[in-house]
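Every number in this text was worked out from the coordinates using simple rules, so none of it is lab data. Here the structure is a predicted model, which is why all the values come from computation and not from measurement. Note: ideal-geometry Cβ built from the backbone for every residue, glycine included; neighbour counts use all protein chains shown.
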Amino acid sequence: MNVPSQTRPFFDVRTLHVLALTFLAALLMLAQSVTAQSRPDSFADLAEKFSPAVVNITTSTVVSRGTGPSPVVPEGSPFEDFFREFRDRSGNGDRPRRTSALGSGFVISEDGYIVTNNHVIESADEIIIEFYEGGELEAKVIGTDPKTDIALLKVEAKTPLAYVSFGDSDTARVGDWVMAMGNPLGQGFSVSAGIVSARNRALSGTYDDYIQTDAAINRGNSGGPLFNMNGEVVGVNTAILSPNGGSIGIGFSMASNVVTRVVDQLREFGETRRGWLGVRIQDVTDDVAEAIGLEKASGALVTDVPEGPAAEAGMLAGDVILSFDGKEVADTRELVRRVGNAEVGKTVRIVVFRDGGTQTLKVTLGRREVAEGAVPVAQPNGDADQGMVEKTVLGLTLVPLDDELREQLNLADNAAGLVVRDIDELSEAYEKGLRAGDLITEAGQQKLTGISDLEDRIVEAREAGRKSLLLLVRRDGEPRFVALSLEEAPDAE
């Protein structure tokens, strides 16, 4: 029987529809299979392969009993003799005692170099390394870096040691699987797994670059490795965020790309050698950017240039550092890290925004460790306007700086500017942190010696179409820039 010609298209379409559904079902099964394969069935192979390189660290320290808390008894009290006798019986007076602490670490070379946290071995008199497969060795400290909380140790072993390698932490993505190893709560070798929860976390350090993970990290895990699924160390477990001291799934590992630079320097020099620019800086906010005519709020605003490499190269307070050594600078944190990672003695090109345009400076970097703690604060010069009485401007009651105020505020003899005598607590200046006793040394990036100078700067800013005025404020010798709105400011007389 012949099929009518008009029914053939219907038959062909239905067949194609069935084939399409079958094909889509096959694709769905394939996608599910790929997804299942991307999720590890077990971490056992990684744990078995790399656990011999993970170590437990036991430290001991001799401390004086006199450093601990003791009852406070008024002299002449009838209980004075009782507490003295009780203390002597129970603690033998102030006789030193030995305390111990536990942590983790990992071997990075077959000749016995070991990485851990600085806080694990800090102030330790003795450091004992316990290996996963048994045996103990005493370690010596090669070098430490409190800024990144990294320490490098060395043991002398008779045979080559199992070790692990660092990976590139910059390739770690949020959601990647990671595995932590260590000695949590002194319970011995332990493995926990989770994912990368966040990247580039900052806690409290200058060079912080933490990987956040939900892999269980507890006390005793400090100094242990955080592995990726290739068995590479992408972080050193350092800290947890917890209200009770236990893991709640918020742990932090110092990124391996920070650790490797520190370890290389400790291994070669026994200390870190970071670049030093010699400036004080703050982030560029939207109102600061508007006040100085910068198109977008980015870069690092220079608040002070003490004696050092930047000053020698001609950098000025009020400059905005836009790029460092050929790379754009987003904010102060990024600049600090790039300068610190730069080679000491290297000459770099720095592009700054100044007076509405850009300039390129060549700066030969110094060494931060040498300069730290010994940088004098440069104070602006100028004669104060002694004859001007106090006046309220922008919510600030201001008076020129004189010898009496210099002495009261413990300022240098050549310090100049306007002192905040009082401040309107409802003003924008108060909201932005200005307080009585602050010294305003510049307005509109020009030095102030009297109140008339400030009034002139207000007029100039308005004529230039600015909505805010940039002030340089010093408190306890520390400078910072503050931009105040001019929209409600009274006209200068």
Cβ density ranking, 10 Å radius, fewest first, applied to SER190, SER104 yields SER190, SER104
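Using 32 Å as the Cα-Cα cut-off, could you pick out the over-long pairs in LYS447/LYS467; LYS158/LYS346; LYS140/LYS327; LYS296/LYS447; LYS49/LYS158?
LYS158/LYS346; LYS140/LYS327
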Expected sort for 292-302, 360-370, 132-142 on mean C-beta neighbours within 10 Å, highest first, is 292-302, 360-370, 132-142
Quick shape check on region 169-269: root eigenvalues a ≥ b ≥ c of the Cα gyration tensor, a/c under 1.5 is rounded, otherwise prolate if a/b tops b/c, else oblate, and it reads rounded
Length-normalised contact order of region 391-485, Cα under 8 Å, at least 6 apart, in percent, tallies to 24
